[in-house]
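First up is the structure itself, then whatever we jot down about it.
The values are calculated or read from the model by the stated rules, or taken from the named source; none is laboratory data. The model shown is predicted, which means the values in this text are computed figures rather than measured ones. These area figures cover heavy atoms from the full protein model, side chains too; ligands, DNA and RNA do not enter into them. Shrake-Rupley method; radii C 1.70, N 1.55, O 1.52, S 1.80 Å.
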Amino acid sequence: MSMFLHVFATSGDALDVDAVAEAAEVAWTGDDDLDVDHERSGDRVLRVTVPGAGRPVSVHVEKAAGKVATMVDEALEQHDEASPKVVEKLRATTQVVSFEVFPDRLDDDGWEVVDGMEMTVARSLSGLVVTDDGIYDAHLKQLAP
């Protein structure tokens, strides 16, 4: 079963898909090559297949204001202990970059790839990483449970 990890970005700049793909390559320490597929299928812009993982990590971009607002509301509801500063930054979100992962298929090396991609997006688009277990800054330091 898949799960989504999100970067809630305050910058409206376009996602540099090449930089995200490069971050995946740099983070990968395995022997076999990653399969990196730049694509444009709806909101999906990139697929990265980690050797042995079976299913790829898919990267999606959502910029529609209504959908972004709904995602922000859901994140704030789930993380209701966030500080006012974190809430303010989430409320300033202009786009959400999501990573669809299959957690039971990723080993530690695969998670390093995902972390590298998340950090790259969070840094380049001034974002916060939001997962089921917390809200994190661009260095994956937890800011809220």
> Measuring with a 1.4 Å probe in the full set of protein chains, what accessible area per residue, in whole Å², belongs to the chain?
Replying inline: 52 Å²
> So which residue, out of Asp31, Asp109, Asp133, gets the largest mean-square fluctuation from a GNM of the chain using Cα contacts under 10 Å as springs?
Replying inline: Asp31
>> Sequence gap at least 6, Cα distance under 8 Å: using those rules, report the relative contact order of the chain to the nearest whole percent.
In response: 37 percent
> Could you give the length gained on full extension between Arg55 and Ser41, defined as 0.36 nm per residue of separation minus the Cα-Cα distance, in nm?
Replying inline: 3.4 nm
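Stretched out fully, how many nm does the piece from Trp111 to Lys67 gain, at 0.36 nm a residue minus the Cα gap?
Length difference between fully extended and current span is 13.1 nm.
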> What list of ³J(HN,Hα) couplings, whole Hz, do you get for the range 26-41 from phi and the Karplus terms 6.51, -1.76, 1.60, once you set θ to phi - 60° and write x for glycine and proline?
Replying inline: 5, 6, 6, 10, x, 6, 7, 7, 5, 9, 10, 10, 6, 8, 9, 10
> Looking at the range 6-145, what % of the alpha carbon pairs are farther apart than 23 Å?
Replying inline: 31 percent
